[in-house]
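First up is the structure itself, then whatever we jot down about it.
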Amino acid sequence: MKTTYSIAVVFVFVTVFVIHAADHMKAFPVAEEGMTRCVLALPKLEDESARRVELIVGKNAQVDEQNTYFFGGKIERSVIQGWGYSQYTVSKLGPMAGTLIAVDPNVPKVDRFITLGGEPYLIRYNSRLPIVVYVPNDAEARYRIWSAGNENNKIDKG
């Protein structure tokens, strides 16, 4: 009996979460031609202020193992009028660039996920709203969660 009750409670919570998330999605337009809409729903955390979400956009490419590669381009944030929600867009991946370390031409290429160049793109962790990223069809959106430690240190006066 307890198991049935537990399953029912979990089902209700999941259903309410899905319906609530679907309401927020009304604000976000469908992807334009040539673009894909990627949606991330974050789980609720006790202290979300100590977390950040890194948005990572890129695609897989056949490259050598020695060099470091990246794509040109940038993630642009815009606010949906009338809703106040943020959406993130990468209109296109620019040309791939990289370091120029000489590599044995006989070594086979490997498949690696190549990302946009530049500093990490960090946004606030917020489990109440979905994170919506629009990327070109041939690209992929990924994420990483950053967290602050509990320790803080004094900076000496100078």
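Descriptive notes on the structure:
- A simple packing score, the average count of other Cβ atoms within 10 Å per residue, orders the peptides 64-71, 27-34 as 64-71, 27-34, with the highest score first.
- Computed FRET value (nearest 0.05) for Asp138 with Glu48, which takes r as the C-beta separation and R₀ as 35 Å: 0.60
- Residue among Val133, Pro29, Val57 farthest towards the positive dipole end of the chain, charges placed on Cβ: Pro29
- Whole-Hz ³J(HN,Hα) from phi, Karplus 6.51 cos²θ - 1.76 cosθ + 1.60, for segment 48-62, glycine and proline x: 6, 5, 8, 10, 9, 10, 9, 8, 10, 10, x, 7, 7, 8, 7
- Relative to the longest principal axis of the Cα atoms of the chain, the long axis of helix 2-25 makes an angle of roughly 60 degrees.
- By the count of neighbouring beta-carbon atoms within 10 Å, fewest first, Asp104, Asp138 end up ordered Asp104, Asp138.
- Relative intensity, log₁₀ I(q)/I(0), of segment 20-110 from a Debye sum that treats every alpha carbon as a point, q = 0.19 Å⁻¹: -1.05
- Couplings 3J(HN,Hα) of segment 139-152, computed from phi: 9, 9, 9, 10, 8, 9, 9, 9, 9, 8, x, 7, 7, 10 Hz, in residue order, whole Hz [Karplus 6.51 cos²θ - 1.76 cosθ + 1.60, θ = phi - 60°; x for Gly and Pro].
- q = 0.11, 0.15 Å⁻¹, the chain: log10 I(q)/I(0) [Debye, one scatterer per Cα]: -0.64, -0.95
- Taking amide H atoms as placed 1.01 Å from N in the peptide plane, the amide H of Tyr134 lies under 5 Å from those of Cys38, Tyr88, Thr89, Val90, each 5 or more residues away in sequence or on another chain.
- Over segment 30-147, Cα pairs under 8 Å with separation of 6+ residues give a relative contact order of 48 percent.
- Asp64 long-range amide H proximity, modeled H, under 5 Å: Val110
- Here the Karplus relation 6.51 cos²θ - 1.76 cosθ + 1.60, evaluated at θ = phi - 60°, turns the backbone of segment 72-83 into coupling constants of x, x, 8, 8, 10, 9, 9, 10, 6, 4, x, 10 Hz, with x for every Gly and Pro.
- Entry note, the chain: the mean residue ellipticity at 222 nm calculated from DSSP H runs of n ≥ 4, each adding -39500 (n - 2.57), is -5500 deg cm²/dmol after division by the residues and rounding to the nearest 500.
Where a number appears in this text, it was derived from the coordinates with a stated rule and is not lab data. As the structure is a computational prediction, the values presented were derived from the model and not from experiment. Every residue, glycine among them, receives a Cβ derived from its backbone with ideal geometry; neighbour counts consider all protein chains shown.
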